1. Restricting the search to segment 162-179, which residues are free of Cβ contacts under 8 Å to residues at least 40 places away in the same chain and surrounded by fewer than 20 Cβ atoms within 10 Å (Cβ to Cβ)?
2. Name the helices (runs of 4 or more DSSP H) wholly inside segment 132-213 in which the number of residues that are aromatic (F, W, Y) and under 19 Å from L62 (Cα atoms) is 1 or more.
3. Do any helices (runs of 4 or more DSSP H) lying entirely in segment 13-130 carry at least 1 residues that are crowded, with 21+ Cβ neighbours inside 10 Å and in contact with a strand residue (DSSP E or B) (Cβ under 9 Å, 6 or more places away or on another chain), and which ones are they?
Amino acid sequence: MSDETRTVDLTTDARDVGLVVGEDGLARPVWASKDLMLREYYDGEWGLPVRDERGLFERLSLESFQSGLSWAIILRKRPAFRLAFADFDPDAVAAFDDGDVERLLGDAGIVRNRAKILATIGNARATVALRGEGGLAEFIWSFQPETTPQPRTLDEIPSRSPESVAAAKALRSKGFSFVGPTTVFALMEAVGIVDTHLLGSHRRGTSGVWSAG
């Protein structure tokens, strides 16, 4: 039997909430069970705390590029993104010039969207400038809520929150762009600021930031 999907051992109630049990006996949401790359990302990375500047700048950049696209597209292109954007070193990206913009627009390995490319360069410069106020990591984590969602079904997972709205507004005031409340909430999910794993998922409460309940 394929190790990508198996539902026979999952209760009817669990299936109804959008979980799938793999051959390893672990329950994952549907989006993380159909593709090996997404499953590995879900199991080993998504939702784990990221507290360093480069890591947060990379994830913010990729979430911005993802806007209007599927995350699978961005994840498959991540190695090319890292190569094109100097491994998301904010200092290096902040120094990109018009020649770099044209280079990036000609790079078929990434998403060739001029507005998003320019936003990433601008966001790198804003990240460097933010160091004088404690840095990007401290800034973003300052919007961690007092509680995290406890979704039982996929429909119960929010796409934004009061904190993501406030964070988006604050980031824009610091010179960041392509950072709407939905993009920022996706970032908060990805780096562990909130835990939106379904309550029945094997990853629920594993980040060390939030309990499973």
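1. P162, E163, V165, A166, K169, A170, R172, S173, listed by residue number.
2. Correct list: 136-141, 181-190.
3. Result: 36-44.
Any read-out appearing in this document is the output of simple, stated calculations on the displayed coordinates, not a laboratory observation. On a predicted model such as this, the values are computed, not experimentally measured, just so you know. Here Cβ is always computed from backbone atoms with ideal geometry, including for glycine, and neighbour counts include all displayed protein chains.
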